[in-house]
Amino acid sequence: MLRDRLRRLVQRPGSADTAPLSAVAAAAGRREDAVRDLADDELSAAVAGLRAGGLTSDDDLAEFCALGREAARRTLGERPFDVQLVGVLALLSGRVAEMATGEGKTLAGAVAAAGHALRGRRVHVLSVNDYLARRDAEWMAPLHALLGVTSGWVGQESTPDERRAAYAADITYAPVSEVGFDLLRDRLAVEPDAVVLPEPGIALIDEADSVLVDEAMVPLVLAGSVADAEPVPAYADLARRLRPGRDYATDEDARNVQLTPAGARAVEAALGGIDLYAVENLDTLTAVNLALHAEVLLHRDVDYIVRDGAVKLISESRGRVALLQRWPDGLHAAVEAKEALTASPGGEILDSVTVQELIGRYPVRCGMTGTAMAVAGQLREFYGLEIVVVPPNRPCVREDEPDRLYATADDRDVAVIETIAAAHAAGRPVLAGTLDVAASERLARRLRRAGLEPVVLNAKNDAGEAAVIADAGAYGALTVSTQIAGRGTDIRLGGADGADRDRVAAAGGLLVIGTGHYHSSRLDDQLRGRAGRQGDPGGSVFLTSLQDDLVTRYAPDETYKGETGDDGLITDKGAHWITGHAQRVAEGVDLEIHRNTWRYNHLIGLQRAEVLAERDRVLRGDAGDSLLRTRAADHHASLVDAAGAAAVAAAARTLVLYHLDRVWSDHLAFLAELREGIHLRSLGRGLDPLVEFNREAVPAGKRLLPTARDNAVAAFTTLTAGPDGIDLAAAGVQRPSATWTYIVHDNPFGTLDERAFRGLVTLLSRKRR
Ligand code: ADP
Ligand code: MG
């Protein structure tokens with residue numbers, strides 16, 4: 001007890017004790033010489049010898065670390081530092097290792113993955129994009145080969161056979177999204193052999209905070225085309241006739257629109273005097289709302305373009321036409337109606353899964369990132385994950401200057417250019433971080449006007465940007481980048497080859513300039529962490545203004561009436577409080593959104609699991625056949641006489657799977673509408689939307705399996721056996737003719753939760769001091 005309390009006093013609150021791990025790493029060091037003498041095959045044999053012991057005792061772990069270190073030295077020319085071994089041990093104990101940028105997480109992760117594999121579990125090393133999955137797998141392949149474990153990688157372009165082969169390896173490197181899409185596609189398998197993903201084992205997540213917190217609620221969606229989709233009535237004409245102010249109100253940042261009471265009455269009158277808010281008119285309310293969104297909030301040539309008679313999205317954060325991406329929830333159809341285009345072939349959502357749910361499937365999770373402590377609470381709350389703070393190999397000597405706060409954005413922008421120009425004139429490499437693509441373009445234009453030539457990155461091409469960012473530390477380099485551009489690549493002083501290192505170090509190393517704070521201090525730290533890697537010299541400074549979005553959105557009531565210098569610089573510490581406060585409010589809102597979305601998804605996840613369990617019994621067992629044999633005995637017997645038992649069993653499986661899948665995608669559509677409808681109905685009525693949601697969603701979920709079975713039995717009794725066997729198409733069984741997958745990243749209005757919680761901002765910002 002006392003020891004525990006003492007320990008808690010010395011370590012960072014919320015993180016696990018590193019002392020036991022350091023002791024094991026030190027023990028590994030004492031074995032280094034002995035291991036050095038082993039021939040390659042002896043080394044592999046020694047690793048294989050650890051398999052039997054389960055790799056749990058400190059002794060075995062130390063031996064494994066020594067062997068892993070030696071293998072890395074031989075195959076990669078890099079000898080893992082003690083702190084990297086601490087990272088390995090943190091990962092092997094199922095925790096999140098916090099290791100700064102450039103500390104060598106790729107290598108630590110690769111050794112840990114091998115350790116997990118030796119324990120007999122399949123390991124998925126999950127990365128944030130295709131480029132990193134492939135890069136890390138190929139980079140670490142010689143190490144894994146010497147350690148006697150197999151590895152592979154999956155990317156967007158991988159074929160089903162390539163995927164199966166990669167997933168069959170002990171260690172698979174893959175982007176999170178591809179694993180999610182494979183999971184969803186497997187949902188449609190009608191033959192056991194068509195399944196691609198094996199049972200989940202260990203998830204080792206790179207950039208764990210991005211994946212587990214920032215992207216946790218991003219839905220990965222599988223959609224399919226349906227030949228006979230019911231047309232959704234479009235209310236484009238009606239929406240066009242409504243007047244702003246009188247009939248509907250938009251919020252400040254034009255991301256949300258609502259009917260006013262007068263508007264609702266106008267719509268009700270136009271639709272023949274219905275009660276728009278009655279439960280039975282949910283479909284109509286939703287469709288009207290979508291039409292209003294399409295009419296008022298989405299602007300042609302800004303949010304979308306019309307090309308070849310079709311609506312193509314312009315992705316806000318990426319500034320380009322998004323391939324294959326459609327707006328969710330019927331919005332696409334509403335925009336098509338607004339533009340009087342023929343509706344594109346109806347697609348319906350067959351299933352979707354959030355990143356959090358995907359990760360939740362793995363019985364063991366661990367991860368690594370430079371910034372974990374700031375989200376310690378969320379990692380514990382949502383994933384039961386603890387953090388180990390791994391110290392840097394060499395102490396960080398980066399100079400983080402205090403913020404420079406300006407009264408206006410214009411003053412700040414002038415100062416940004418001046419600061420960049422001064423550093424650049426001295427040959428110092430500069431990385432300027434912006435909040436989004438548009439801000440990057442604006443900054444680049446201003447720099448060019450000042451006679452500078454920046455390289456601009458905005459997360460369009462992961463591989464190309466990795467090459468550019470690797471050179472961002474070269475003498476005189478000037479790079480403008482959004483938050484996620486060039487992710488996973490570290491910046492070496494003196495360029496990718498380090499040729500000019502001394503000259504750059506003498507100039508002060510890389511200077512990181514933030515042009516405003518992000519909505520979380522963690523993202524600020526990620527940008528800062530680009531400088532001062534592995535004990536390099538470097539610096540960082542954020543130039544912010546009281547007109548920044550963060551302040552006007554999250555601390556709208558705060559005003560500053562004090563002094564400013566001629567250049568607009570504010571030195572008053574009280575004013576600096578405002579930006580920090582705004583950031584904390586923003587972080588609180590993001591957390592509430594996460595929590596709330598999770599609450600909704602939790603129930604859906606439970607219902608999905610029930611349907612999937614039944615699906616599995618049908619796919620791999622004889623649950624389908626036995627259902628029909630019991631419930632339609634006579635028909636079953638006569639079909640067996642005509643077509644044989646095997647043919648009937650196969651038809652039964654396909655038929656029951658079909659009805660299960662149908663019922664599930666209908667249920668998802670119902671839930672989506674229910675949520676939207678409840679959100680609209682409970683606005684201003686003081687109802688708890690979650691309670692209202694559950695009131696309807698729970699019983700609907702209970703009906704899923706009985707309904708699917710009833711439907712399958714009913715369809716089965718219409719089946720006939722002809723000369724070509726059993727005709728399933730005649731019983732309405734029709735798989736989607738095409739499927740596609742997408743990520744809902746760029747919902748132009750924000751998610752329902754974001755809209756619901758916009759109100760919270762005002763609330764939270766009033767509870768001050
Ligand atoms: P992180 O993911 O932690 O930001 P990386 O895994 O990308 O860092 O590694 C950063 C750089 O450090 C790479 O160039 C890698 O080759 C190098 N590196 C990692 N570990 C070692 C080591 N033990 N010795 C020498 N170089 C290393
Ligand atoms: Mg990395």
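The values are calculated or read from the model by the stated rules, or taken from the named source; none is laboratory data. Just so it is clear, the structure is predicted and the values come from calculations on it, not from any experiment. Neighbour counts run over all protein chains shown; Cβ positions are idealised from the backbone, glycine included. The protein model used for the area step is the full one, side chains on, heavy atoms only, and it has no ligands, DNA or RNA in it. Shrake-Rupley method; radii C 1.70, N 1.55, O 1.52, S 1.80 Å.
See the values below:
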| read-out | value |
| --- | --- |
| Per-peptide average of other Cβ atoms within 10 Å, ordering 84-95, 377-388, 494-505, 530-541 highest first | 84-95, 530-541, 377-388, 494-505 |
| Cα→Cβ-extended label distance, 7 Å offset, between Ala45 and Glu418, nm | 7.1 nm |
| Listed peptides 29-35, 352-358 by packing density, highest first (mean Cβ within 10 Å) | 352-358, 29-35 |
| Per-residue [θ]222 nm for the chain (sum of -39500 (n - 2.57) over DSSP H runs n ≥ 4, rounded to 500) | -15500 deg cm²/dmol |
| Most positive-pole-ward Cα, Leu543, Thr571, Ser520, against dipole of the stretch 500-607 from beta carbon charges | Ser520 |
| Prolate/oblate/rounded call for the stretch 403-506, Cα gyration tensor, a/c under 1.5 rounded | oblate |
| Fully extended contour minus Cα-Cα distance, from Arg73 to Tyr560, at 0.36 nm per residue | 169.6 nm |
| Using a Förster distance of 41 Å, the FRET efficiency for Val364-Trp577 (Cβ separation, nearest 0.05) | 0.45 |
| Calculated FRET efficiency for the pair Glu138/Arg36, C-beta based, R₀ 25 Å, to 0.05 | 0.40 |
| Rg/Rg_ref, the stretch 537-687, where Rg_ref = 2.2 N^0.38 Å and atoms are Cα | 2.02 |
| Volume per residue of the C-alpha convex hull in the stretch 43-187, rounded to whole Å³ | 110 Å³ |
| Residue-normalised accessible area of the stretch 69-216, expressed per residue, 1.4 Å probe, Å² | 31 Å² |
| Lys, Arg +1 and Asp, Glu -1 on Cβ, resulting dipole of the stretch 84-170 about Cα centre, debye, nearest 20 | 320 debye |
| Overall form of the stretch 106-222 per C-alpha gyration tensor (a/c, 1.5; a/b vs b/c) | oblate |
| Nonlocal Lys pairs with alpha-carbon distance under 27 Å, the chain (8 or more apart, or different chains) | 6 |
| Over the stretch 356-410 - Rg/Rh using Cα atoms and the Kirkwood inverse-distance radius | 1.17 |
| Separation of the Asn694 and Ala505 label points, Cα + 7 Å toward Cβ, nm | 6.0 nm |
| Full-extension gain in nm, Ala249 to Ala23, via 0.36 nm per residue minus C-alpha separation | 75.0 nm |
| Inter-part distance where the stretch 341-393 and the stretch 630-672 are each reduced to a Cα centre, Å | 35 Å |
| P(r) tail fraction, the chain - alpha-carbon pairs more than 40 Å apart, % | 43 percent |
| Net lengthening on full extension, Arg446/Val306 (0.36 nm per residue, minus Cα-Cα) | 47.2 nm |
| Point-charge dipole on Cβ atoms (K/R +1, D/E -1) for the stretch 68-109, about Cα centre, debye to 20 | 140 debye |
| Cα-centre dipole for the chain with unit charges at Cβ (Lys and Arg positive, Asp and Glu negative), debye to 20 | 1220 debye |
| Positive-end residue of Leu687, Ala34, Leu238, charge dipole of the chain with Cβ unit charges | Leu687 |
| Förster radius 60 Å - calculated FRET efficiency between Leu569 and Thr159, Cβ distance, rounded to 0.05 | 0.55 |
